[in-house]
Structures are given as structure tokens and as C-alpha cells.
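The values are calculated or read from the model by the stated rules, or taken from the named source; none is laboratory data. Just so we're clear, the structure is a prediction, and the values are computed from it rather than from any experiment. When we count neighbours, we look across all protein chains shown, and the Cβ atoms used for this are built from the backbone with ideal geometry, even at glycine. Accessible surface is based on the protein model in full, side chains and every heavy atom, while ligands, DNA and RNA are left aside. Shrake-Rupley method; radii C 1.70, N 1.55, O 1.52, S 1.80 Å.
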Amino acid sequence: MASGTDGRPKNVAIIMDGNGRWAQKRGLPRTVGHHRGVDRAREIIRVAPDLGIETLTLFAFSTENWRRPAYEVSVLMTLFRRYIRREAAELDMEGVQVRFIGRREGLPRDLQNLMHELEARTKDNTRLILQLALNYGARTEMTEGVKKIARAVAAGEIDPEKIGEETISEALWTGGVPDPDLVIRTSGEMRISNFLLWQIAYAELAFVDECWPDFDGALLEKILGSFAGRERRFGALKAIGLG
Ligand code: IPE
Ligand code: IPE
Ligand code: MG
């Protein structure tokens with residue numbers, strides 16, 4: 001199982017939810033919650049390696065989030081641009097390898113360029129793999145993966161009989177990155193909202209009531225601790241000692 005020596009999850013994915021409600025509860029515009037949410041993401045990325053996390057996947061914008069008012073979408077795109085510009089040097093210095101998962105084509109061209117530059121700049125870093133899910137939807141990811149495999153079959157590069165789970169994992173945007181051991185969702189909502197559907201087949205799930213702008217390193221540490229040493233059986237029976 002992919003967990004540290006103390007049994008803590010090493011591969012963690014977070015659905016950063018509740019920015020809007022956090023702001024509205026305080027009589028503030030929803031976008032203030034998004035600003036504050038970016039600060040929380042920065043802190044979590046900074047503390048993750050010290051908590052034994054090796055891969056961190058953050059859900060920042062879904063393929064369904066385009067249904068929001070144009071103003072909110074445009075503020076979010078501006079926040080993503082600004083985040084990349086401001087944090088690129090520090091992320092690189094901290095040894096973070098940034099990878100974006102999601103449909104690039106739907107995003108503004110200049111943002112796509114910034115994403116590409118950040119990935120190129122940090123590609124050899126190994127202290128933390130950070131997957132940022134931007135314009136991400138698991139069904140779109142799987143549809144694209146199926147097309148990729150179908151093209152390879154049509155070209156005679158893959159024998160359909162040899163298609164295995166690995167072939168599918170590799171064809172996804174997350175190809176080559178370990179599946180999450182733990183998925184955390186903030187704001188009290190208990191749903192997955194089209195996030196990493198293939199990859200979370202055996203992940204533990206943690207739903208916490210705090211909205212994302214109130215999430216911090218101490219809360220993350222507490223959640224990781226509560227999942228330390230959990231026995232994940234992957235369908236088998238409880239491990240029985242021989243002695
Ligand atoms: C999560 O917070 C951030 C994004 C989806 C971009 P929300 O914006 O979904 O906040 P709520 O759920 O409306 O409170
Ligand atoms: C999921 O949150 C997407 C992100 C956190 C980026 P949403 O707020 O968009 O999900 P729903 O609409 O409540 O399912
Ligand atoms: Mg939400």
C-alpha cells in the first residue's frame with residue numbers, strides 16, 4: 001500500500017470546496033472567498049512535503065464550472081494566471097513538480113502558455129508532485145483516454161486483447177502519477193463531482209465541514225493522522241499474522 005512508514009497517506013487529493021459560501025456567510029462577494037482559497041492552497045502546498053505527502057492533487061476548476069456567471073469565471077481565470085506568475089519561482093525552488101490535468105483547449109490561450117511554462121520549468125523536481133486540476137472532469141478525461149487507445153488500436157500499435165488496467169491508467173491525464181490514497185472534500189458536501197473517478201477506486205474518503213478558506217496545515221495534519229495505519233484491504237481479507 002502506498003503510505004508512509006507511519007501509515008499516513010502519501011498520495012492525497014483535495015476537492016477545495018466552499019469558497020463562495022464562506023464569503024457569503026460573511027456578507028462578502030463570492031470572489032473574496034476565491035482569493036482567500038488561493039492563499040489556503042499556497043499554505044497546503046508548502047506544508048505537504050513536511051507531512052509526508054509525495055503527490056498532491058488539487059481540484060481548482062471543473063469542466064462544469066463554466067456554467068457559473070461569466071464574471072466569476074473571469075475572476076477565477078485571473079486568479080490562476082496571477083498564481084502561476086507569482087508562485088513559479090518559489091514552487092521551483094521548493095522542489096515542486098507541477099503538472100496540470102484537465103482540458104487545455106477550453107482555457108484562455110495566455111493561461112495555457114503560463115501552464116506550459118511552469119510545467120517545463122519544474123519538470124525535473126522531485127520533492128512534491130503537484131497536480132492542479134484546471135478545466136478537469138473525470139468523464140472527459142476517460143473519453144479522451146478511450147480515444148487515445150482507440151487510435152493506437154486502429155494504427156496497429158495495441159492489440160485489443162492486451163488492453164489492461166495499466167493501459168487505461170496510462171492513457172489518462174494522470175498517467176504515471178500514483179492514484180490517491182485519500183480524497184478530502186471540504187464544506188460538508190458528500191459527493192465526488194466528477195473528480196478522478198478511475199483513480200479513486202480504493203481511496204479513503206474524508207469529508208470535513210470546514211469551508212476551503214478555513215482549511216489549514218493543522219487540519220490537514222489531523223486528517224492524515226486519523227487515516228494513519230488504516231487497513232486498506234483492496235477486497236482481500238484482514239491480514240492475519242503467522243505467529
Ligand atoms: C470551490 O468553491 C472553488 C471552485 C469550484 C472554483 P465554490 O466556488 O464551489 O464555493 P461554494 O461551493 O459555492 O460555496
Ligand atoms: C467541485 O466543486 C469542483 C471544484 C472544487 C473545483 P463544485 O462546487 O463545482 O461542485 P458541485 O457543483 O457542488 O458538485
Ligand atoms: Mg462548490
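Here's the picture: charge each Lys and Arg Cβ at +1 and each Asp and Glu Cβ at -1 in region 89-178, and of H116, N135, A152 the one pushed furthest to the positive end of that dipole is N135.
Each residue was assigned an accessible area with a 1.4 Å probe, and for S226 the value is about 70 Å². Dipole magnitude for the chain: computed about the Cα centre from +1 point charges on Lys and Arg Cβ and -1 point charges on Asp and Glu Cβ, it is near 740 debye.
A 1.4 Å probe run over the protein chains yields, for region 78-142, 49 Å² of accessible area per residue, whole-number rounding.
Where does the chain land at 222 nm, in deg cm²/dmol rounded to the nearest 500, when only DSSP H runs of n ≥ 4 count, each adding -39500 (n - 2.57), divided by all residues? Mind dumping the intermediate values first?
Values: 7 runs with 97 residues, N = 243.
Value at 222 nm, helices only, nearest 500: -13000 deg cm²/dmol.
Expected output is a single nm value to one decimal: the length gained when fully extending between E64 and M77, i.e. 0.36 nm times separation in residues minus the C-alpha distance. What is it? Numbers along the way, then the final one.
Details: separation 13, 0.36 × 13 = 4.68 nm, distance 1.45 nm.
That works out to 3.2 nm of additional length.
Mind checking the per residue accessible area of region 1-76 for me, 1.4 Å probe, whole number of Å²?
Working: 3530 Å² over 76 residues.
Dividing the accessible area of region 1-76 by its residue count gives 46 Å².
Residues in region 173-242 average 53 Å² of solvent-accessible surface per residue, probe 1.4 Å, ligands and nucleic acids excluded.
For the chain, compute the orientation-averaged projected area of the C-alpha convex hull (one quarter of its surface), in nm².
Values: hull surface 62.4 nm².
Answer in nm², one decimal: 15.6.
Report, to the nearest whole %, how much of the accessible area of the chain belongs to carbon and sulfur atoms, 1.4 Å probe, protein only.
On the way: 6510 of 12740 Å².
About 51 percent, which is the carbon plus sulfur part of the accessible surface.
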